[in-house]
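*Asks:* Below you will find the structure I want to go over with you.
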Amino acid sequence: AASVQAGRSALALALESENPAWELQARAVLGNALRLASDYPAAREVMVPGLRLAITANTTLHHWWLRYNLGRLAWNQGLYGRAEERFLHAQKQAEDMGDDQLLAQVLNSRGIVAANQDEIDRAEALYRRSLTLANEVGDTALQPKVLNNLALLLRDRGAVGEARQLLEANLELHTAAQNRRGMANALINL
């Protein structure tokens, strides 16, 4: 609820500023907060108008983060084909722009979609590539997520030794960040 309220305040300020890059960022943040609150219609209502803003040198990256978040919204609704389509577009743009942080996020999300459709080999390849990029860019928020996703996939495939190593690395990252919820989740999975 606090995230939604903060996102609404950010969007109001961005709209007052008439700065399209700020508006896109605020729409992505608020839309994501609404998505996490499971208010999918409101999330879509907030994000879709951002697609009508002009793509300029200052807004390109923000457009693709918004599109990526729309893909996550589709994934949460079980619309895997639509999610994959949005993710593929965001992946191509991230690759074209050389934005490895966005690319790592997109690849992890594509891995989740693949895993949800029982495309296990593809999911594993996507997770591994995402993890490599997350490590390279030092994305300490994404690293434990990908470690967890890959570990659970490997555990289900019977590769428990590698899964354990990944979950232990996940636990170390959460411990270093003092993320008690993440630590608990890693311990449960271990």
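*Asks:* Residues that are over 26 Å from ARG129 (Cβ atoms) and in contact (Cβ under 8 Å) with a residue 40 or more places away in the chain: list the helices (runs of 4 or more DSSP H) wholly contained in the stretch 2-108 that include at least 1 such residues.
*Replies:* 20-36
*Asks:* May I ask you to list the residues in the stretch 30-60 that are of a type in the set (A, V, I, L, M) and within 16 Å of GLY71 (Cβ to Cβ)?
*Replies:* Listed by number, the residues that qualify are LEU34, LEU36, ALA43, VAL46, MET47, VAL48, LEU51.
*Asks:* Can you pull out the residues in the stretch 120-139 that are open to solvent by less than 70 Å² (accessible area, probe 1.4 Å) and either over 20 Å from ASN32 (Cα atoms) or of a type outside the set (D, E, K, R) (or both)?
*Replies:* Residues satisfying the conditions are ILE120, ALA123, GLU124, ALA125, LEU126, TYR127, SER130, LEU131, LEU133, ALA134, VAL137, GLY138.
*Asks:* I'd like the full set of residues that are of a type outside the set (Lys, Arg), open to solvent by less than 60 Å² (accessible area, probe 1.4 Å) and in contact with a Phe, Trp or Tyr (Cβ under 8 Å, 6 or more places away or on another chain), limited to the stretch 76-97.
*Replies:* Result: ASN76, ALA83, PHE87, ALA90, GLN93, ALA94.
*Asks:* How do the pairs read when you match residues in the stretch 150-164 that are more than 17 Å from GLU119 (Cα to Cα) with residues anywhere that are aliphatic (A, V, I, L, M) and not in a helix (DSSP H, G or I), using Cβ under 8 Å and keeping only pairs 6 or more apart or on different chains?
*Replies:* If the second residue must be aliphatic (A, V, I, L, M) and not in a helix (DSSP H, G or I), the pairs left are ARG164/LEU190.
*Asks:* Let me ask something else. Go through (1) of a type outside the set (A, V, I, L, M); (2) under 19 Å from LEU126 (Cα atoms); (3) open to solvent by less than 10 Å² (accessible area, probe 1.4 Å) one by one and return the number of the condition ASP100 breaks.
*Replies:* Result: ASP100 fails condition (3) only.
*Asks:* With the stretch 140-190 as the region, which helices (runs of 4 or more DSSP H) entirely inside it contain at least 1 residues that are over 25 Å from ARG110 (Cβ atoms) and open to solvent by 70 Å² or more (accessible area, probe 1.4 Å)?
*Replies:* 160-176, 180-189
The values are calculated or read from the model by the stated rules, or taken from the named source; none is laboratory data. Remember, predicted model here, so these are calculated numbers, not experimental data. Cβ: placed from backbone, ideal geometry, glycine included. Neighbour counts: every protein chain shown. Keep in mind that these areas ignore ligands, DNA and RNA; they rest on the heavy atoms of the full protein, side chains included. Shrake-Rupley method; radii C 1.70, N 1.55, O 1.52, S 1.80 Å.
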